[in-house]
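**Q** Quick one: this structure, given as structure tokens, is what I'll be asking you about.
The values are calculated or read from the model by the stated rules, or taken from the named source; none is laboratory data. The structure displayed is predicted, hence computed values, not measured ones. Cβ placement follows ideal geometry from the backbone for every residue including glycine, while neighbour counts extend to all protein chains displayed.
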Amino acid sequence: MPDERPYRRDVPVHAAPPEHTPSPPPQQGEPDGGVPADARWWADLRQQVVYRAKRLNTGHMIEADQRYGQRDALGPHGVMLFFVSEAPAQPHGYQLHTAYRLWLASPESQHLPRLLVDLTEVVADSITRAGAVGRRWHPVGPQGSMVNGGDMTLPSSAVYVGVGVTTLDSDQGRWQQLARTLRHPDDRRRSVFDLKGQCYVLLTDGTALHVDRDPHAPIGVDGVRCTKPLDPDRITYYNPHEHLTDQGDPITRDTWAQLTRLHRTLAGHLLTGHPA
């Protein structure tokens, strides 16, 4: 049975940047093609995050399929954390690090907005508890880690730049239904590699992006909707996704709202040095 507990369901919240955002490393020379260096830095980061999110969502789905029906079966949702560290040898002077948290299948892990509400409460409690004993909590640990995969060890210079969600639910159906269908004798022609997945991401510059990972998408269709440019050289006078976090069905809007609260809790703590 799905988790039917009530949860805080407020109106959607715009993904505004926190008070302090990471600064791109200083670039030498004039703006490239008239585009400021920081605009190129953020655009490149968005593209890197899209690639990481798609790859993680694919791995999430394959692992969930392999463990389906077992005692350690995976739930359909996960959370991704994004950090950057200085890397002068890289084209834009940074290295992207991604850590993630996946849950075992359970009634509590089926409802994405509820899961995000619970996680935000855990994060806030971890910040408070650590502060009470003179420690500074970090989501990657070593104490009270909220992740269980990915880049579990970060450089000392790593800075938080965003949070995201990987989910196996899509417009094809919910994961549990799809997984059962794959094992039905009448559906042997379809495999897990034919299924779609989704990702929601918020970055500290105010970017919100949604990834619709579709293995059968036509060439040139990347399934990415973003509130800010992915290509800094492409002049756009109108962005239909400018208010992305207010769009979609009620569950989608709830997901954005609860992800925004988690993002603000993490950013408020990790970027300002004060408990959120």
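Residues checked against (1) under 30 Å from residue 93 (Cβ atoms); (2) part of a helix (DSSP H, G or I); (3) hydroxyl-bearing (Ser, Thr, Tyr); (4) out of contact with any Ser or Thr (no Cβ under 9 Å at 6 or more places or on another chain):
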residue	(1), (2), (3), (4)
134	no, no, no, yes
137	yes, no, no, no
146	yes, no, no, no
154	yes, no, no, no
176	no, yes, no, yes
190	no, no, no, no
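**Q** Check the stretch 99-117 and report whether any residue there is charged (D, E, K, R), out of contact with any helix residue (DSSP H, G or I) (no Cβ under 9 Å at 6 or more places or on another chain) and either free of Cβ contacts under 8 Å to residues at least 60 places away in the same chain or not in a helix (DSSP H, G or I) (or both).
**A** Within the stretch 99-117, not a single residue is charged (D, E, K, R), out of contact with any helix residue (DSSP H, G or I) (no Cβ under 9 Å at 6 or more places or on another chain) and either free of Cβ contacts under 8 Å to residues at least 60 places away in the same chain or not in a helix (DSSP H, G or I) (or both).
**Q** Do the conditions hold for residue 182, that is, is it more than 21 Å from residue 48 (Cα to Cα), surrounded by 13 or more Cβ atoms within 10 Å (Cβ to Cβ) and either without any contact (Cβ under 8 Å) to a residue 60 or more places away in the chain or over 13 Å from the mean Cα position of the chain (by Cα) (or both)?
**A** For residue 182, the condition - more than 21 Å from residue 48 (Cα to Cα), surrounded by 13 or more Cβ atoms within 10 Å (Cβ to Cβ) and either without any contact (Cβ under 8 Å) to a residue 60 or more places away in the chain or over 13 Å from the mean Cα position of the chain (by Cα) (or both) - is met.
**Q** I'd like to check something: does the stretch 46-61 contain any residue that is crowded, with 16+ Cβ neighbours inside 10 Å, over 19 Å from residue 147 (Cα atoms), at pLDDT 95 or above and of a type in the set (Val, Ile, Thr)?
**A** Yes, the stretch 46-61 has at least one match.
**Q** Taking only pairs six or more apart or across chains, which ones have beta-carbon atoms under 6 Å, a first residue in the stretch 206-229 that is farther than 21 Å from residue 39 by Cβ, and a second residue that is among the acidic types (Asp, Glu) and part of a loop (DSSP other than H, G, I, E, B)?
**A** 223/214
**Q** Pick from the stretch 141-179 the residues that are without any contact (Cβ under 8 Å) to a residue 24 or more places away in the chain and closer than 21 Å to residue 122 by Cβ: which of them is surrounded by the fewest Cβ atoms within 10 Å (Cβ to Cβ)?
**A** The selected residue is 142.
**Q** Name the one entry in 206, 134 that is surrounded by fewer than 16 Cβ atoms within 10 Å (Cβ to Cβ) and within 16 Å of the chain's Cα centre (by Cα).
**A** After ruling out the rest, the residue left standing is 206.
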